[in-house]
């Protein structure tokens, strides 16, 4: 009786290296996507805070009992540990009983450049 040597069971070194390469490439793709998601989440958080600030400024102007004067103004507020610049521009419309209110919220980035993050427009009637 002739015995045929059995083939060893398990993976060869080449098969393991190919599997590890595939795993490494897919892991890099997952890490890159996670980083992009975190970046987008931070941008959405900034935008959400900026819209909140703009809505607050519009509400202050709208609920005020005084008729707003036309012109521009700007002030700085600190919310969520960050400095925000809120600009308001009130202008006349073709209707003398109606004012247009534009509010923009910006934040200074590195290099001293201000970037507008949110802007809202509303109208206020005299009565």
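Read-outs: derived from the displayed coordinates by stated rules, not from any lab. A quick note: this is a predicted structure, and the numbers were derived from the prediction, not measured. Glycine gets a Cβ as well: all are built from the backbone with ideal geometry, and neighbour counts include every protein chain shown.
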Exercise. Taking the simple approach of a point 7 Å from Cα along Cα-to-Cβ for both residue 19 and residue 127, what is their distance in nm?
Worked result: 8.3 nm
Exercise. For the range 14-125, treating each Cα as an identical point scatterer without solvent, what Debye log10 I(q)/I(0) comes out at q = 0.21 1/Å?
Worked result: -1.09
For this session: Return the tail of the calculated pair distribution for the range 1-49, meaning the percent of Cα-Cα pairs more than 14 Å apart.
Result: 72 percent
Exercise. What is the antiparallel percent of DSSP beta bridges lying wholly in the chain, to the nearest 5?
Worked result: 100 percent
For this session: Round to the nearest 10 and give me the degree value, 0 to 90, for the angle of helix 13-63's Cα axis relative to the longest principal axis of the chain.
Result: 10 degrees
Exercise. When the distances between all Cα atoms of the range 30-83 are binned every 5 Å from zero, what whole-number percent does each bin get?
Worked result: 4, 14, 17, 18, 13, 11, 9, 5, 4, 3, 1, 0
Exercise. Counting each DSSP H run of 4 or more residues in the chain as -39500 (n - 2.57), what helix-only mean residue ellipticity at 222 nm follows after dividing by all residues, to the nearest 500 deg cm²/dmol?
Worked result: -15000 deg cm²/dmol
Seminar exercise, completed: Taking 85, 12 and counting other beta carbon atoms within 10 angstrom, the fewest-first order is 12, 85
